[in-house]
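Right, one structure below, let's go through it.
Any read-out appearing in this document is the output of simple, stated calculations on the displayed coordinates, not a laboratory observation. Since this is a predicted model, take the numbers as computed values, not measurements. Every residue, glycine among them, receives a Cβ derived from its backbone with ideal geometry; neighbour counts consider all protein chains shown.
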Amino acid sequence: MTLKTAALVVLVITMAWGGFAFGAVYPWAYWPLLAGVASVAMLGLLAPSSRHRRSALSALSWALMGFLLAAAIQLLPLPVDTLRWLSPETPSIVAQLDIASRVGVTTTHSLSISPARTATVIAIVATLSLCVIGAARLFSIIGVSGIAAAIAIVGTVMALTGIIQKPIYSGQIYGFWSPLQSGAHPFGPFVNQNHFAAWMLMALPVTLGLLGGHLAREQGRGRSDVRERILWLSSPDANRQALLMGAVAIMTLSLVLTSSRSGMSAGAIALVTVALSFRQRLARRKGVVAVATLSALILIVVVWAGTSAIASRFSSGVQDFDGRVAVWQDALQIVRLYPLAGTGLNTFDLATIFYQRFNRSTRYLQAHNDYLQLAAEGGLLLIVPALACIGVFGLTVRRRFRDDASRTGYWIRTGAVVGILAIALQETVDFSLQIPGNAYLFALLCAIALHEGRRRDAGSSVTVVGR
C-alpha cells in the first residue's frame, strides 16, 4: 500500500467517524477520534520526502507551541497568596468547588478552577495542532486532490443522511439513539442542527474548490465545434464535474434544511465568495457559465426547501438573539473579573454557576461565541498567543498562494480558506468548533491551506497545471 493510499484511508475513516459518530461529542467517540487524528499527524511528520522543506511551517509550529505552553501555565500549582494576586476571584470559587480547599487542606492551586478539565482540552488542542502541522506536510507530499474528493464524498453522504432523516425523525438519531442533552435539535448524525451546518460550511467550499480546479484545467482545452462539445459530455471530466455539481446541490440543500440561521447566513457568504472567484479567475465565458450554473443550483435548492420557511426562520430569531446577548453579557463579566489568566480552558460552564445573571431559567454551558469564551477562559494569557497563531497562519497562507503554481491546488486552497472564514463567522454566535468532529475537519482545512504546492520558478509569472 502506497503512502497516499494509506493516508487517504486513515483520513477518510477518521473524518467519517468524527461526523457520523454524533460529531464525536461523547467520550467513547472522541478518544478514538483523537487516536485517528494522532495517526494522521504521525503519517505526515514521519513520511519521507525530498521536496518538502522542514522549516516551512516552523513559525506556525512555534506559535502553536507558545499557545500550548501558555495554556499549560493555567495548570501550574501556585501558592494561594500568589493566586489571589494574579486572579483575586479564583480562591473563593475554588473553595466552593473543592472541599479540600475549603477546609484548608490545600495551600496551592492552579489558575484554572478545574485543572482536570483544562488538562483534557490542552491534550485535545495539542493533538489537533500536531495534526495541522503533520497533515500540511502530508498534503505537500501527496497533494490535496484526494483529500478534497474525500471531503466531497463524505459530505454528500452526510448530507443525504440529514435530508432522508429529517421527515422521518421521531426523537432518535438513526432510529435508535436518543440525544443525552435535553432540548436538543438534531439534524443528520449531529445532536445540534447548528453543528451539522458548521460541518457543511467547511465541506461545501472545499467541494466548490475541487470543482473550480476541474474547470480551470478545462480552460486550456479548446473545442472548436459543436460535435467536440457534445462528445465531451460523455467524457470522464464531464462526469466528474456533473457529480461535483450534484454534491454541491445536495450539501447546500442539507444546509438550508437545518434551519440554522448562522449556517445559512455564513453559507450564503461563502457561496457568493466562491462564485466571485469563479467570475474573476476563470476565462470570461467559462466564469459566466460557472456562476450562472451555481446560481441556478442554489435557486432550485432554496425554492425546494421553501422560501417561506426560510423567511419565517429568520423572522423568529429575535428571541434567540436576545438569549445570546444575555450569555455574552455574562461572559464579558467573567472577562472583567479574570482579565489576566481567565478561569481555565473548558471551565465556562462551571463559572456560570457563580456568575450567570441573565435568563437564569436557562443554564448556559457555552458562551455561544467562541471568541468571548476563549477570553473568559484564558484572559490575556491565551488571547495574545492565539492572536499570534492567527497572524502567523494568515501570513503563511498568503505566501502559499503567492508561490503555488498549481491550478488545482489554488482552487482547493481557496475553498479551504473560504471554509475557514465561514466557520470563523459562525463562531461569533455559536460554539461549533467545540465539537470534536468539526474541530478535526477544521484542522484538515487549515492543513490544506498551509500545504506547499508546486512552486513557481524564480521570476516566473506563468501558471502551469499541477496536481
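Annotations for the structure displayed:
- The convex hull defined by the C-alpha atoms of the range 118-176 has an orientation-averaged projected area of 6.4 nm².
- In the chain, Rg over Rh equals 1.00, where Rg is the alpha-carbon radius of gyration and Rh the Kirkwood radius from pairwise Cα distances.
- Loop trypsin sites (Lys or Arg not before Pro), the range 90-170 (other Cβ atoms within 10 Å of the site Cβ: 11 or fewer; DSSP): none
- For the chain, the Cβ-based charge dipole about the Cα centre amounts to some 1720 debye (Lys, Arg positive; Asp, Glu negative; other atoms uncharged).
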